[in-house]
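Notes for the one structure printed next.
The values are calculated or read from the model by the stated rules, or taken from the named source; none is laboratory data. Everything quoted here is computed from the prediction, not taken from an experiment. With ideal geometry, Cβ positions are generated from the backbone for all residues, glycine too; neighbour counts draw on all protein chains shown.
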Amino acid sequence: MATLVLTVVGGIVGGPVGAAIGAALGQQVDAAVFKPKGREGPRLADLKVQASTYGQQIPQLFGTMRVAGSVIWATDLIERRTKSGGGKGRPSVTEYSYAVSLAVALSSRPIRAIRRIWADGNLLRGSSGTFQERCIFRWHDGSEDQAVDPLIASAVGPGSASAFRGLAYAVFEELELAAFGNRIPSLTFEVEADAGGVDAGLVGDALLGEAGRCAGEWPVAGYAASGDRARDALAPLFEVDGTRLVSGPDGWRLAPVESGADALALADFRAVARSEATQDLVERQRAPLAALPGSIRLRHYEPERDYQLGQQASQVAGGGAREERIDLPAVLPAASARALAGRLAAAASDGRETLVWDADLAALALPVGGKLAIGDGSIWRVAARHVRADRLSLELKRHQPVPVADWPAAPGVPVRPPDWPDATGIVRLFDLPNLEVPPAATARLLVAAAGSNDGWRGADCWFVPGPDAEPVPLGTVRPALALGELAEPLAAASEFLFDAVNALTVTMVNPSTMLDSVDDAALLAGANRAMIGDELLQFGAAEPTAPTTWRLSRLLRRRAGSGGMEGHAAGTPFVLLNDNAGLLLPESAARAAESGAARLQWARRGDMTFADMAVPAGGSARRPLSPVHGRTAADGAGGILLSWRRRSRVDPGWRDEVDLPLGEAREVWRITLAPPVAGVAAWSSTASSLAIAAETVAILPPGTVAEVRQLGDFGLSLPLRIPLV
């Protein structure tokens, strides 16, 4: 634009010559305004942000680093649909889940291993190597002979797939995205490129491709080298290490100023041996103290905080108000970074004073970058030398030795997700009694699960109706609040409302499980409901007796007409019902389980190892409640009159002086003798009573008990036992 405008203006003012001058000026203006921005190496934060931009630099990693990398290949989102429900006038529910396959470039230098992986800041893969979400994971070390990844080859074709030789990258195959809002999460990787720590010498030799050319002094746990040139990649590390270019008989090399031989004497490098004279000093310059920074702030990666950004600062003695910030893309512990910041602050005045010293040609043997002692005993660095005729002038920089000291420092409070070891998961099935109104028409089968630590994130479950049937996905069961088993046998319930005689001792799967005690008001309102085998009970007092063992007392037993008449053996499963972590089998699965051949398959989330267990036929929720308050009375003629009070599935609670609805299509009772008596058949009654004739009573052996069961729409209730003789 400026070229066109100035060409026209120049032509109007000065003719052809003016037009040429205007065009030249316009070209310079356009070049200054529209020139492309210079490319810079990545800053500290760039290593923590995942990108997929063309031209994005991929650093060369040294030591152990945490990097985000660049997405170099990915598929479209893989959509899966799961349809559940429907039937009997109810709408079906279709749920969608998504997965993705992608490859992430990590280092343009070969690596040794990939350790932990974070997704959106949370651990996707812990130090145990187990993934928290289901996927297939591979990685390639970046060697020059690595093969093409099979997934990429199958997607784009073997002839079009790149092996990305010389580039270390990781591949996720069908990574589940439900936990990340059905989007690709921000991934960061802990990458080990070298077995131990590194220094400026190792990094410099690797980038320059010549062993022994560089030397380093300050060790770092990891370093990310990036830039258009080796100079750009090495500059941050060499700056903090005090590395200078040093000449010598074997050529040029890079080495810290503090390292190497002692200072050489200038008097030893003269054609005629003599000491330095004042007239040899040509020029002296000294920068003011205000030109020095007031403080040095070093930013780095903190290994104790999962490689989060950390910073350490140190004050410069006599410095000005300016703060100098140094971004070092390296991994340093807090104490090492604090010591390095203190060293940089102490060395801030190094080179503040400059001398130009006159010497003869024999001083050409002095190494540039080396240390030099002049007549007054002061130490200087040879910064440059200039030859004019037979004379040589040396540019010297004041060298101030920096003592290496330990500065105590703390990394700060780490903010990290817990890295749990692999947990052992347990899944249990419970046949629940009816706990709803109206009464259930199908069995209520509860799937409960727990892991041996808080890192266990649940299990994915499938229902298999029969031996040759296709598995039906049920979803994910989350860890229960409390799942365990009886540590000691539990006797049968007492006849009273509160069982103050017995107590149960349970061992929990997860040691961090906590149980609470409640008062009687909360207990009668439904608190602390739990299943022990087929019995629903409640407990009022919970007392820990060991890290994983609890003693539960003040019990309400056989709630909602559940089992437990004979007590329970040690090892009987226990689960607390006061949370919604359990997975209730849908009605269709509960009906299919009535055959007795159904099975439940489950796998820990993120795992491909399946386990299965038999699904009970169930029926507790459909079973009528057993009658209560059985009584016997003599009829005056040698016979016995039995009576009892019924209970209803419609309302399992107890209300005095209220005749609850039956909840079944008809009222029928079945009465049998235990043990059976020859010649006496079972009775059937349509009322809550039964008269046994005298001739029958006469043949009953001692200890005979009448068992009264209600005949419901779906089966018989548990018995009420009434002693007869």
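Annotations
- Checked against (1) within 30 Å of Arg115 (Cα to Cα); (2) in contact (Cβ under 8 Å) with a residue 60 or more places away in the chain, Ala362 passes all but condition (1).
- Among residues of segment 697-721 that are in contact (Cβ under 8 Å) with a residue 60 or more places away in the chain, those with a beta-carbon under 6 Å from a residue that is acidic (Asp, Glu) and assigned to a strand (DSSP E or B) at least six positions away or on a different chain give the pairs Pro719/Glu707; Arg721/Glu707.
- Tally of residues being surrounded by 23 or more Cβ atoms within 10 Å (Cβ to Cβ) and either under 36 Å from the mean Cα position of the chain (by Cα) or of a type in the set (Asp, Glu) (or both) across segment 339-354: 3
- Residue list for segment 567-621, filter: surrounded by 21 or more Cβ atoms within 10 Å (Cβ to Cβ), out of contact with any Asp or Glu (no Cβ under 9 Å at 6 or more places or on another chain) and of a type in the set (A, V, I, L, M, F, W, C): Val575, Leu576, Leu577, Leu583, Leu585, Ala589, Ala590, Ala593, Ala598, Val615
- Qualifying positions in segment 369-383 - out of contact with any Leu (no Cβ under 6 Å at 6 or more places or on another chain), surrounded by 18 or more Cβ atoms within 10 Å (Cβ to Cβ) and assigned to a loop (DSSP other than H, G, I, E, B): Gly370
- Checking the stated criteria, Ile326 turns out not to satisfy the condition of being over 18 Å from Met65 (Cα atoms), buried (at least 22 other Cβ atoms within 10 Å of the Cβ) and of a type in the set (Val, Ile, Thr).
- Residue in segment 137-160 that is in a strand (DSSP E or B) and closer than 24 Å to Glu302 by Cβ present: no
- Members of segment 488-507 found to be of a type in the set (A, V, I, L, M, F, W, C) and modelled with pLDDT of 95 or more, listed by number: Val506
- Residues (in a loop (DSSP other than H, G, I, E, B) and of a type outside the set (Gly, Ala, Ser)) located in segment 511-531: Pro511, Thr513, Met514, Leu515, Asp516, Val518, Asp519, Asn528
- Residues that are part of a strand (DSSP E or B), surrounded by fewer than 19 Cβ atoms within 10 Å (Cβ to Cβ), of a type outside the set (Gly, Ala, Ser) and in contact with a Ser or Thr (Cβ under 8 Å, 6 or more places away or on another chain) do not occur anywhere in segment 651-662.
- Comparison of Leu536, Leu552 shows that the only residue that is assigned to a strand (DSSP E or B) and over 28 Å from Thr476 (Cα atoms) is Leu552.
- The residues listed here are Pro110, Pro59; of these, the one that is modelled with pLDDT of 95 or more and not assigned by TED's automatic domain parsing to the domain that holds Arg229 is Pro110.
- Counting the residues of segment 452-477 that are under 23 Å from Thr572 (Cβ atoms) and in contact with a Lys or Arg (Cβ under 8 Å, 6 or more places away or on another chain) gives 2.
- Within segment 255-309, restricting attention to residues that are aromatic (Phe, Trp, Tyr) and at pLDDT 80 or above, the residue that is surrounded by the most Cβ atoms within 10 Å (Cβ to Cβ) is Tyr301.
- Residue check for Thr476: under 38 Å from the mean Cα position of the chain (by Cα), at pLDDT 95 or above and of a type in the set (Ser, Thr, Tyr): no
- Residues considered: Ile136, Ile152. Of these, the only one that is touching an Asp or Glu at 6+ places or on another chain (Cβ under 8 Å) and at negative phi is Ile136.
- Within the option set Ala637, Ala678, Ala621, Ala597, being part of a loop (DSSP other than H, G, I, E, B), out of contact with any Lys or Arg (no Cβ under 9 Å at 6 or more places or on another chain) and closer than 28 Å to Gly425 by Cβ holds for one residue only, Ala597.
- Only one of Asp232, Asp205, Asp228 that is of a type in the set (Asp, Glu), more than 25 Å from Ala384 (Cβ to Cβ), at pLDDT 85 or above and not assigned by TED's automatic domain parsing to the domain that holds Gly69: Asp205
- Counting only residues that are in a loop (DSSP other than H, G, I, E, B) and either surrounded by 20 or more Cβ atoms within 10 Å (Cβ to Cβ) or at pLDDT 90 or above (or both), segment 161-183 holds 8 of them.
- Output for segment 191-248, where each listed residue is crowded, with 19+ Cβ neighbours inside 10 Å, outside any helix (DSSP H, G or I) and among the aliphatic types (A, V, I, L, M): Val191, Ala193, Val198, Ala215, Val220, Ala221, Ala224, Ala225, Val246
- Pairs with Cβ under 6 Å, 6+ apart, first in segment 566-578 and closer than 19 Å to Arg529 by Cβ, second among the acidic types (Asp, Glu): Pro573/Glu485; Phe574/Glu485
- Verdict on Asp419 being modelled with pLDDT under 85, part of a loop (DSSP other than H, G, I, E, B) and surrounded by fewer than 13 Cβ atoms within 10 Å (Cβ to Cβ): no
- Arg631 of a type in the set (Lys, Arg), more than 35 Å from the chain's Cα centre (by Cα), at pLDDT 85 or above and within 21 Å of Arg670 (Cα to Cα): yes
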